[in-house]
Every structure is written in structure tokens, then in C-alpha cells.
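See structure below.
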Amino acid sequence: MSTKKQKKITDKEVIALVEKGAFADSYLVYGRRSTDDTDTQKNSLTYQKSENVRFARKEHLKIAKITLQGFSRDGIISERHSAFTEKPKLVFGDNNTVQYEIDRPKFYQLATWLNKRYFKGVIFLCWDRASRNKGDEKILRTFLNMGVDIRFVLARYEKTSAGELHMDIDGMFSVHHSRVTSEKVSLTIKESRGKGLVTYRAPVGYLNKGSMDSKPFDPIRAPIIREMFDKAATGEWSLADIARWANEQGFTMAPMRRRRTQAERLAEEEDDVRLEIEKVCRPITPNGVHKILTNRFYTGKTRGNIGEWVLSISHDAIASDEVFERVQHQLQKKNKSVHYTKVLEHPLRGIVNCTICKRVYTPYPKKGIMYYGARCRKDCPNPRKSFNIDFITEKIGHIGPNRT
């Protein structure tokens, strides 16, 4: 009996094997935990994994035992995402092509490899674990037409018109279920906001205990924040002075975890404990002080359905309306705006815009080269936030002199 440890295969070696066709006769298993119906048993990744593997054994389907960081473990792919979320963007490319953006990184990788026929097929528990929107459904149906063997544990679709109808009905109900769930959540939030409930996370100075009905004072931070408003209202304290004083009193921002890395976001469900990120309390900065002093939430108000401030029934005021308005007056007195008497003459100023969010690209010179930058909206999927003048002139050249 050999006592030598088996050499661990690297991700690069795994990908090389996949691309060589070593698993062309094998299947992958895909499970998705939705964020919009967490109470259903089939939404559990553990349940999906056990049922999918049991089905594979029953049907004598060979599972590709590949382990790839951020993708799969022994051929089992686990992803946490609401499949109903669909990117509202199409990219029209050359040669009459239209690109659809997939917002699930593991599903995207799976689709890429299935398209190249590196695997014989994939196993899902049911249709709504594979997709809940029309875009991803189109991808699955294309694979079926290509001959990719897509199996579902809880359904069998015959290759007949009746089978197609069965698939249509399952797909329709899957999308409908997600829409109904989304609608119920939206209506609940709207109704709660109409009553004056706080439907979002309360800022520092209040405790978030998982309930919209009650946002109590933080017994340590709330008194210090009250004094911060009082000091700012006098006009004798700068933001830096208030931040320094608050830190001397032991004030810290609410405990927060850092952003997860890409590897942590793609980790398997059973790794959640190992990847638990410790919360950290950071000192307050002048910018943090400014955010507190300009937030009307501290006057006992909350955002309504159209963004207006309404009286809250979930929390009490730390600062009175009178003190808050005095603070705003003092802050405005210290604001200094810079106005140019003459607009700089730069080429294409005010002409180039982002086609998605419509924000303008502003020209600015850097090291003798003219650049254009746009501050797109946070939800704008445009990846190109800046470019130089050579890029835009090249694009204009492709359009040609006879086109506008």
C-alpha cells in the first residue's frame, strides 16, 4: 500500500484538461440558492446537491469530478443569486451580433464551456433553479437545440410538441412566481413606508435589530451625536474639530465588515463559516461628520415612497428640527464655490455622452494629452469611464463623412 500523498492538481491544470476534452462525456451539477424565496426547501443548496447527485447515480450519468476555485467542487456548482434579476442592457456588435450580459458568474462560465461542448451536459433540480428570466431561458433553449444534454431532476421533457409545451409552462410559471414574489416585497415596502416605518438600515447612532418597527438609540453613540449637532449649530466648530473631539470621546462608526473579495463571493455555501469576515469599528472622519450633520434622519424623519421626508414611527429624534436647520445654515456659510469666468475651449466639450446613463464626458488635459471622463451613475454598466482624444477621433473616422 502506497503512503505517498496524491499531488493536488492546480486550477490551470484543471482548465487545460477541460479544454482538451477530458470531460466531454461527463456532466456538471448546478445548484442556485435564490435570494427571493429562502423559505423553500428546494432553495437549499444542500438539498439540491443531494437530489442532483442521487439523480445522476440513478440515471448512470457520469459527473465530472473537477474542483476549480470560484466555480465548482467535485463537479458541483453552487451559486447564490436571484435569477430573476436581469441586466437591462444589450450590446450590439459587429456582424449583426447582439450580446446579452449574464449576471451570474458561475452560470456564465458554465454556459461558456457548454457552448464549446467541453461537457456532455448539466443537471439542474428543476427549471426555476436554472432560470427565472427570459434571457437565461433563451440560452438554455439554445443549448437544447444544439444537442447539449440538460437534465432536470423534478421534470422530464419529451422531445415532442407536448414536451415543448410542458417546458413552456414550467418556464412561464417560474418567471411568474418570481414576479409575484418581487411584487409582494415591493408592495410591503411601499405600505410600510406609507406608515412611516424605516424600511432600510438606520445610520450610526441607532441600533439595527432586524425589525422595521423599532430603531432604538445606540446608548453609546447617540449622546455623542447629539453633542455634535449642538457644537456644529454654534458655528464655532469646524468639521475637523468635531471629528477630533468625537474620536477623543471614544466615538467610532458602527461595526462594518469589509467588502468581500471575488473569491469570497464565489465561495461554496459550506465555506461561509470559514470565510466569516470580522466587523471593524473605524474612527469618524470630517466627511463622516458632514454626512451625519446633513442627514435629516436624525430629526426623527424617514424617507417616504417618493423620497420625501415623513415623520417616523420607528425611531425618535436625536436633534430637533430647530437645531438641524441651524446646523445647515452654518454649513452653508462655510461652503465656497468656484465659478469660472470663462469656459475653457476644449474640443468636443458637451458633445460626447454615455449612451446608457446620458452623463456627459468632460474633457481634461493630462501630460499633454486630452482625455474625456464621465461620472456615470452608480448603476450604469458602462465599463469605459474615460478615454483619450485618439479613441474618439478613431470612432468618428469609422462613422464616415456621410453619416451623422
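Only the coordinates and a few stated rules stand behind these numbers; no lab work does. All values derive from a computational prediction rather than experimental measurement. Because the Cβ atoms are built from the backbone with ideal geometry, glycine has one as well, and the counts that use them run over all protein chains shown.
For Gly31, which sequence-distant residues (separation of 5 or more, or a different chain) have an amide H within less than 5 Å of its own amide H, given hydrogens modelled in the peptide plane?
Ile77, Ser78, Glu79
Fewest Cβ neighbours within 10 Å first, please rank Lys65, Lys159 accordingly.
Ascending Cβ contact count within 10 Å gives the list Lys159, Lys65.
Just to be sure I follow the rule: in segment 110-235, considering lysines 8 or more places apart or on different chains, how many pairs have Cα atoms under 29 Å apart?
Count of close lysine pairs: 19.
What are the ³J(HN,Hα) values, in whole Hz, obtained from phi via the Karplus relation 6.51 cos²θ - 1.76 cosθ + 1.60 with θ = phi - 60°, for each residue of segment 359-368 in sequence order, with x given for Gly and Pro?
Once θ is set to phi - 60°, the couplings for segment 359-368 become 5, 7, 8, 8, x, 7, x, 8, 6, x Hz.
Using DSSP to call loops (not H, G, I, E or B), can you name the GluC sites (Glu not before Pro) in segment 123-167 whose Cβ has at most 14 other Cβ atoms within 10 angstrom?
Glu158
Please list, in order along segment 304-321, the HN-Hα scalar couplings obtained from phi with the Karplus expression 6.51 cos²θ - 1.76 cosθ + 1.60 (θ = phi - 60°), rounded to whole Hz, x for Gly and Pro.
Going residue by residue, I get x, 6, 10, x, 7, 8, 10, 5, 8, 9, 9, 8, 9, 7, 8, 10, 6, 4 Hz, with x marking Gly and Pro.
Enumerate the amide H contacts of Ile150 below 5 Å, restricted to partners 5 or more residues apart or on another chain; note that Pro and chain-start residues carry no placed amide H.
Correct list: Val122.
Among the lysines, which fall within straight-line cross-link reach of Lys49, defined as a Cα-Cα distance under 17 Å, with same-chain neighbours fewer than 8 residues apart omitted?
In chain and number order, the partners are Lys58, Lys62, Lys65, Lys106.
Name the long-range amide H neighbours of Trp309: under 5 Å, sequence gap of 5 or more, or other chain; modelled H, no Pro or chain starts.
Under 5 Å from the amide H of Trp309: Gly304.
Sort 359-368, 310-319, 212-221 for me by packing, meaning the mean count of neighbouring Cβ atoms within 10 Å per residue, highest on top.
The packing order, highest mean first, is 310-319, 212-221, 359-368.
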